[in-house]
Amino acid sequence: MWLLLMGGATACSSTNDAAEPSCAGNFADMLIEQLKQKPKQTPAAEVTQYLYRNQTVYLVTGGNSSYVFDACGQVICSAAVGPNSTGDGRCPDFSATATNPQLLWRDPR
């Protein structure tokens, strides 16, 4: 499932690593629309926006997967967000340092 979502990522550019990237389109909206077209997952798919390492990111959870995307749709990491989750090690501090969570969408099905 996640490979299909990543295929819809938009072009992104930034001249400063700490600055918010400039993206074509709204990745969060595109992501939610793609998730609506997929079969229901257990647990239900969710998209939550966070501030992580001074940038807006989106944590996508559902089934047994958790991925963090930047504002342009590039995968930052597979996050360890649950007690039995290990992630891929690329953002081991996500659960401890990501702030300002805003649930954008939860699959109501």
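The values are calculated or read from the model by the stated rules, or taken from the named source; none is laboratory data. This structure is a prediction, so every number in the text was calculated from the model and none was measured. Here Cβ is always computed from backbone atoms with ideal geometry, including for glycine, and neighbour counts include all displayed protein chains.
Do we find a residue being closer than 21 Å to Arg106 by Cα, modelled with pLDDT of 95 or more and of a type outside the set (D, E, K, R) anywhere in segment 8-18? No, the conditions are met nowhere in segment 8-18. Consider Gln41 carefully, then state whether it is polar (S, T, N, Q) and at pLDDT 95 or above. Here the answer is no, as Gln41 does not meet what is asked. Does Phe69 satisfy the condition of being crowded, with 16+ Cβ neighbours inside 10 Å and under 11 Å from the mean Cα position of the chain (by Cα)? Yes: the conditions hold for Phe69.
Just give me the residues in segment 38-52 being polar (S, T, N, Q) and assigned to a strand (DSSP E or B), in sequence order. Within segment 38-52, Thr48, Gln49 meet the criteria.
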